[in-house]
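The values are calculated or read from the model by the stated rules, or taken from the named source; none is laboratory data. Every value quoted in this text rests on a predicted model; they were computed, and no experiment measured them. Here the Cβ positions follow ideal geometry from the backbone for every residue, glycine too, while neighbour counts run over all protein chains shown.
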Amino acid sequence: MPDFKNFIAGAWVPPSAGAYFENTNPADTRDVIGRFPQSGPEDVARAAASARKGFALWSRTPAPVRGQVLQRVGDLLVKKKEDLARAMTREMGKVLLETRGDVQEGIDTAYYAHTEGRRLFGRTVPSELRNKWAMSFRRPIGTVGVITPFNFPLAVPTWKIFPALLCGNAVIWKPSEDVPHTASLLVEILLEAGLPPEVIQLVHGGGDAGKALVEHPDVGVISFTGSTDTGASIGATCGRMHKRLSLEMGGKNAMIVLDDADLDLALDGVLWGAFGTTGQRCTATSRLIVQAGVHDRFVKMVADRALKLRLGPGLEAQTEVGPLIHEASRDKVEAYVGIAKGEGASVLIGGARGQGAGLERGWFFQPTLFVGVKPGMRVEQEEIFGPALSVIKVKDLDEAVAVNNDVKYGLSSALYSRDVNAAFRALNELDNGITYVNAPTIGAEAHLPFGGVKQTGNGHREGGWAVYDFYSEIKVGYVDYSGKLQRAQIDTEI
Ligand code: NAD
């Protein structure tokens, strides 16, 4: 079994305490991918010292040149797409179609970052005084700590690392302990593309390593994606230490289907939204809000098709739904089946572990439909993060909007309707960072801002142009060429 290493101070190195954890294939736990470093504060401290040197070099490199490195990263991701997708499916479980999409998102993000190297705009505005110039421009900040979850092993890290690098920062990355292999492969690509070694540090490990990174005084910026609970504890530390922080956390995303919807279209959308990635997307459709006129018919359509979804290892061509990430995840989904029943909802299909040949050694769970769910029930309010969909019947769009908005999360939502007025009302009234019309709750594109409101986020966005604001410091410069003292707000003309 191979032992993997951290990447610190320009070299692949073992963890300082010599401790490792095992990384196994969630579709077949006999398949051990390798042992990975269980890092701690000492490893983080070494990484921070090296990142400081990396920053000194990289922050002085012209942004277009930094962009060219990211262009090469994109080229390498294109070249290695299939190998990366296979490695990712092996360690994370989702089907190959989806891990190929995961790599593609990294490619798109790399090429966007490349072009941003020649934009990275500041603004020049008129001064209120004569013979004076006023402008704003961007500066790199320093060392960015990146902490990522398991469900998009490559895409989510690239959303953070690529713009952070393009803006001239050094990065220390603590990837999810569930998908460390993909992280090692991505760092190899960054190095192969010509990134100066000390600009990127990879520190493997679990929550303790993440905590050490958040607490290190030299790491002034933290970008975290993961659960809302973990985000809350990181937020407390960053608040106390005055760190710049971007949080992307949980969701309880709803798809609304109105009486006038194209039900076949909505059916394809809900199956992809709810059961793709085995329900382990932050944007997964976990609530289906259906208007009364089509409720019974549409629920039957969903149940009939969901029953036919093929469970299996993601590397097998016929598989449509892979395993959950680990045993605790499966236990959690299973517990929600009991919670749903206890609250008076019914389990229409699924509700049990995957059974049958090929499913014995992985964390499989059947696509599950909870019906008769009422607003306020725990399966309607809490993030389950598995292949479980709660169906809520409503009388009209007003009630649908109220149900959608009455949760603590606010990432994504979807409306299926042929009524243009309903579509624009949904865009305006659904309390989410993203709303799709006639498309499921998933499918964000890399060149648009991504993020959620309420307890999903803390006001920042990833993706597109917006993320570059997070990773750069805006500085303002004034040049007075009048040759005399001019006092703003005092030497007024009118
Ligand atoms: P998690 O919170 O368990 O772990 C995320 C990362 O935080 C891991 O790298 C983990 O090691 C680290 N961590 C754990 N405790 C820590 C601590 N005390 N200090 C610092 N780091 C710590 O999340 P997960 O199970 O890997 O991912 C699933 C969650 O991520 C879901 O809630 C999902 O909705 C969310 N998610 C959100 C988005 C988004 O953009 N909003 C995207 C993907 C996933």
Take the residues of the stretch 98-156 that are among the hydroxyl-bearing types (Ser, Thr, Tyr) and touching a Lys or Arg at 6+ places or on another chain (Cβ under 9 Å): which is surrounded by the fewest Cβ atoms within 10 Å (Cβ to Cβ)? 136
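Of everything in the stretch 353-396 that's assigned to a helix (DSSP H, G or I) and not basic (Lys, Arg), which residue is nearest to residue 311 (Cα to Cα)? Outline the logic, then answer.
As a first pass, look at the stretch 353-396 and keep what is assigned to a helix (DSSP H, G or I): 378-381.
Checking the rest, the ones that are also not basic (Lys, Arg) come to 379-381.
On the way: 379: 23, 380: 25, 381: 27 Å.
Once the filter is applied, the top-ranked residue is 379.
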Count of residues meeting criterion [within 16 Å of the ligand (Cβ to nearest atom) and either of a type in the set (D, E, K, R) or free of Cβ contacts under 8 Å to residues at least 24 places away in the same chain (or both)] in the stretch 394-417: 1
From (1) over 26 Å from residue 249 (Cα atoms); (2) surrounded by fewer than 18 Cβ atoms within 10 Å (Cβ to Cβ); (3) in contact with a Lys or Arg (Cβ under 7 Å, 6 or more places away or on another chain), pick out the condition that doesn't hold for residue 397. (2)
Search the stretch 204-233 for residues being closer than 24 Å to residue 184 by Cβ and under 16 Å from the mean Cα position of the chain (by Cα), and hand back the single one that is surrounded by the fewest Cβ atoms within 10 Å (Cβ to Cβ). 227
Is it the case that residue 97 is touching a residue at least 40 places away in the same chain (Cβ under 8 Å) and not polar (S, T, N, Q)? no
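Hey, among the residues in the stretch 291-318 that are in contact with a Lys or Arg (Cβ under 6 Å, 6 or more places away or on another chain) and in contact (Cβ under 8 Å) with a residue 12 or more places away in the chain, which one's nearest to the ligand (Cβ to nearest atom)? Talk me through it step by step, then tell me what you get.
From the stretch 291-318, those in contact with a Lys or Arg (Cβ under 6 Å, 6 or more places away or on another chain) are 292, 295, 314, 318; that's our starting set.
Retained after the next criterion (residues that are in contact (Cβ under 8 Å) with a residue 12 or more places away in the chain): 292, 295, 314.
On the way: 292: 30, 295: 27, 314: 18 Å.
For the stretch 291-318, the residue satisfying everything is 314.
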Say whether the condition of being away from the ligand (no atom under 14 Å from the Cβ), at pLDDT 95 or above, crowded, with 23+ Cβ neighbours inside 10 Å and of a type outside the set (Phe, Trp, Tyr) is met by at least one residue in the stretch 238-255. yes
Which of the residues spanning the stretch 418-452 are surrounded by fewer than 16 Cβ atoms within 10 Å (Cβ to Cβ), touching a residue at least 24 places away in the same chain (Cβ under 8 Å) and closer than 26 Å to residue 154 by Cβ? 445, 447
Pull out all pairs, ordered by first then second residue, where Cβ-Cβ is under 6 Å, the residues are six or more apart or on different chains, the first lies in the stretch 224-235 and is more than 15 Å from residue 383 (Cα to Cα), and the second is more than 6 Å from the ligand (Cβ to nearest atom) and in a helix (DSSP H, G or I). 224/231
Out of (1) closer than 27 Å to residue 18 by Cβ; (2) within 6 Å of the ligand (Cβ to nearest atom), what's the single condition that is false for residue 227? (1)
Restricting attention to the stretch 1-33, the residues that are surrounded by fewer than 17 Cβ atoms within 10 Å (Cβ to Cβ), under 17 Å from residue 206 (Cβ atoms) and among the small types (Gly, Ala, Ser) number exactly 3
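Is the stretch 408-416 home to any residue that is of a type in the set (Ser, Thr, Tyr), within 17 Å of residue 225 (Cα to Cα) and under 23 Å from the mean Cα position of the chain (by Cα)?
Of all residues in the stretch 408-416, those of a type in the set (Ser, Thr, Tyr) come to 409, 412-413, 416.
Going one step further and asking which of them are within 17 Å of residue 225 (Cα to Cα), we end up with 409, 412.
If we keep only those that are under 23 Å from the mean Cα position of the chain (by Cα) as well, we get 409, 412.
Within the stretch 408-416, one or more residues are of a type in the set (Ser, Thr, Tyr), within 17 Å of residue 225 (Cα to Cα) and under 23 Å from the mean Cα position of the chain (by Cα).
Please indicate, with yes or no, whether at least one residue in the stretch 265-277 is within 13 Å of the ligand (Cβ to nearest atom), touching a strand residue (DSSP E or B) at 6+ places or on another chain (Cβ under 8 Å) and in contact (Cβ under 8 Å) with a residue 60 or more places away in the chain.
Filtering the stretch 265-277 for residues within 13 Å of the ligand (Cβ to nearest atom) gives 277.
Those left that are additionally touching a strand residue (DSSP E or B) at 6+ places or on another chain (Cβ under 8 Å): none.
No; the residues of the stretch 265-277 include none that is within 13 Å of the ligand (Cβ to nearest atom), touching a strand residue (DSSP E or B) at 6+ places or on another chain (Cβ under 8 Å) and in contact (Cβ under 8 Å) with a residue 60 or more places away in the chain.
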Hey, residue 322 surrounded by 18 or more Cβ atoms within 10 Å (Cβ to Cβ) and in contact with a strand residue (DSSP E or B) (Cβ under 7 Å, 6 or more places away or on another chain) or not: no
If only one of 345, 357, 352, 335 is of a type in the set (Gly, Ala, Ser) and buried (at least 22 other Cβ atoms within 10 Å of the Cβ), which one is it? 345
What's the number of the condition residue 425 fails, among (1) outside any loop (DSSP other than H, G, I, E, B); (2) within 16 Å of the ligand (Cβ to nearest atom)? (2)
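Do we find that residue 281 is away from the ligand (no atom under 16 Å from the Cβ) and among the basic types (Lys, Arg) in this structure? Explain how you work it out, then say what you get.
Working: away from the ligand (no atom under 16 Å from the Cβ): no; among the basic types (Lys, Arg): yes.
For residue 281, the condition - away from the ligand (no atom under 16 Å from the Cβ) and among the basic types (Lys, Arg) - is not met.
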For the stretch 192-214, give me each residue that is touching a residue at least 40 places away in the same chain (Cβ under 8 Å) and more than 30 Å from residue 80 (Cβ to Cβ). 208, 212, 214
Number of positions in the stretch 453-488 that are within 28 Å of residue 165 (Cα to Cα), surrounded by fewer than 13 Cβ atoms within 10 Å (Cβ to Cβ) and small (Gly, Ala, Ser): 2
Quick check on my filter: what residues within the stretch 257-307 are part of a loop (DSSP other than H, G, I, E, B), over 29 Å from the mean Cα position of the chain (by Cα) and of a type in the set (D, E, K, R)? 259, 260, 262
Can you find a residue in the stretch 177-188 that is more than 15 Å from the ligand (Cβ to nearest atom), closer than 22 Å to residue 14 by Cα and either of a type outside the set (A, V, I, L, M) or without any contact (Cβ under 8 Å) to a residue 24 or more places away in the chain (or both)? yes
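Yes/no matrix, rows are residues, columns are (1) in contact with a Leu (Cβ under 7 Å, 6 or more places away or on another chain); (2) more than 15 Å from residue 245 (Cα to Cα); (3) not in a strand (DSSP E or B):
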| site | (1), (2), (3) |
| --- | --- |
| 432 | yes, yes, yes |
| 447 | no, yes, yes |
| 473 | no, no, no |
| 476 | no, yes, no |
| 485 | no, yes, yes |
| 490 | no, yes, yes |
| 494 | no, yes, yes |
Just to be sure I understand, how many residues within the stretch 191-220 are part of a helix (DSSP H, G or I) and within 11 Å of the ligand (Cβ to nearest atom)? 9
